[in-house]
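**Student:** One structure coming up, written as structure tokens, with questions to follow.
The values are calculated or read from the model by the stated rules, or taken from the named source; none is laboratory data. Bear in mind that the values here come from a model prediction, so they are computed numbers and not experimental data. Quick reminder, even Gly has a Cβ in these numbers, built from the backbone with ideal geometry, and neighbours come from all protein chains shown.
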Amino acid sequence: MVVVPEEDFMSEINANTRTTIILCIVALIIAITVGLLIVNSINKAVIILKESALALAQGEWEKRIEIKRTDELGELARAFNSMADQLADYNSILEQQVAKRTLELQQEIAERKQAEQALVESETRFRLLAEATFEAIVITQKGVILDANQTCAEMFGYELSEVIGMQVMDFTAPECREQVMQKILSGDEGIYETICLCKDGTTFPAEIRARVMSYRGRTIRMAAIQDITSRKRGEEATVLAERNRLAQEIHDTLAQAFAVVIVHLDTASRKLTTNIETAQALIKAGRDLAHSGLTEARRSIKAMRSQLLEDENIFNGLNRFATQMFSPTNTRIVCQAVGKIYSLPPDVENNLLRIGQEALTNAFKYAKAQEIRIELAYWEKQFSLRIQDDGQGFDMGSVSIVNSFGLLIMSERAERIGAKLTIQSSPRQGTEVIVTVNI
């Protein structure tokens, strides 16, 4: 039997007790830490749920919770997201229904306004009558004027008080009264033109728009009268412009072709006794040009578009025109394009071709050039045509040159398409024609 001293025994017990206490304290700290972490995790999830719920309450329907957990909080987050999806769908449906109902209400309001407007028809018509000052307005019954606006009185040279009670025929030129009376008796509501008669005996062309309607319990005829003097003058100017255009087309076809034919025949007549082969070539070229000019004239009158552009572009058209014109001569033709060739608007291309033809025809008739250069520059936003010869040139200040019909037509064609035309020439220094147009 071993006897352990009490001091040793108690010392060991005390040591074990201290160890146990320390372990308990450590375990408690760990438990508290783990508990705090768990509480913090739960608090974060709850805060996220709270913020998402508040956002959803404020109409942020796209707000969703992104908590990837498998516990009850994860289930709660998924349930919340599902609820948010349903609420977003319900909100979308509600907005559609509100928009639909709003449209229905707007239509109902519009219909109600129309109904109210119909109830005050007389007042509205009078207001429109007063406001329609841009043309004469008259209300008639059986050809007698019941009411009119101030513009009507001013248009015909009367006082407004004089107009009321007058006959419609009093405002109509004698040669048109039968036409106007037929319109009134038949209740015609179309648009027609007539000649109106003023108080001082002068007349003016007018356009009449009439409508039969109910007014204060009576069937009346309301007519709007518009002075179309300016329009008629514009139409006359258009006709005159068309005549000028036709004159230009004739100049660009028959005149150009036969001018060249005459030059060829004159040269051929001088060569008949000295060089029969050259004379025959000139006569053949003249005959071909005459046929070509006649065909082109017929084609231009029919379609107003150059045959040279029918199946090709302006580059090939001018090249072919120059080659055909100068083939019997010793003149060298150089035709080149700068940049990539592209299509031009038909009207621009046709007018540029005509300007080029006129420049080449003038060079053929007057320049006596050894070389003619044709350059077409195709830039990104600009196109230019340059025709240059080394012939005898001319004095730019000469009256006959300034008043030349051909140069005048060239200028008009350039102006028509918004192009800039430049002509440079001096005696024995050749001539250069440049046309530039923005694309």
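**Student:** Condition test on residue 116, is it modelled with pLDDT under 70, closer than 30 Å to residue 217 by Cβ, surrounded by fewer than 11 Cβ atoms within 10 Å (Cβ to Cβ) and of a type in the set (D, E, K, R)? Walk me through it before giving the result.
**Tutor:** Values: modelled with pLDDT under 70: yes; closer than 30 Å to residue 217 by Cβ: yes; surrounded by fewer than 11 Cβ atoms within 10 Å (Cβ to Cβ): yes; of a type in the set (D, E, K, R): yes.
So residue 116 passes the test.
**Student:** Return yes when residue 210 is closer than 30 Å to residue 236 by Cα and touching a strand residue (DSSP E or B) at 6+ places or on another chain (Cβ under 7 Å) and no when it is not. Steps first, answer last, please.
**Tutor:** Details: closer than 30 Å to residue 236 by Cα: yes; touching a strand residue (DSSP E or B) at 6+ places or on another chain (Cβ under 7 Å): yes.
When the stated conditions are applied, residue 210 passes them.
**Student:** Follow-up. Would you be able to say whether some residue in the range 355-374 is under 14 Å from residue 439 (Cβ atoms) and not in a helix (DSSP H, G or I)? Show your work before the answer.
**Tutor:** Taking the range 355-374 as the starting set, the residues that turn out to be under 14 Å from residue 439 (Cβ atoms) are none.
Checking the range 355-374: not a single residue is under 14 Å from residue 439 (Cβ atoms) and not in a helix (DSSP H, G or I).
**Student:** Okay, next question. Would you pick out the residues in the range 377-396 that are touching a Lys or Arg at 6+ places or on another chain (Cβ under 8 Å) and in a strand (DSSP E or B)? Lay out the reasoning, then the answer.
**Tutor:** The first filter runs over the range 377-396 and keeps only residues touching a Lys or Arg at 6+ places or on another chain (Cβ under 8 Å), leaving 377-378, 386-389, 391-393.
Across the range 377-396, the qualifying residues are 377, 378, 386, 387, 388, 389.
**Student:** Show the residue pairs meeting these rules: Cβ distance below 8 Å; 6+ apart or different chains; first residue within the range 352-381 and at positive phi; second residue surrounded by fewer than 17 Cβ atoms within 10 Å (Cβ to Cβ) and outside any strand (DSSP E or B).
**Tutor:** Pairs found: 368/392.
**Student:** Within the range 387-395, is even one residue within 15 Å of residue 315 (Cα to Cα) and in contact with a strand residue (DSSP E or B) (Cβ under 7 Å, 6 or more places away or on another chain)?
**Tutor:** Within the range 387-395, one or more residues are within 15 Å of residue 315 (Cα to Cα) and in contact with a strand residue (DSSP E or B) (Cβ under 7 Å, 6 or more places away or on another chain).
**Student:** Output the number of residues of the range 311-334 satisfying the condition of being within 17 Å of residue 389 (Cα to Cα) and assigned to a loop (DSSP other than H, G, I, E, B).
**Tutor:** Total satisfying the criteria: 4.
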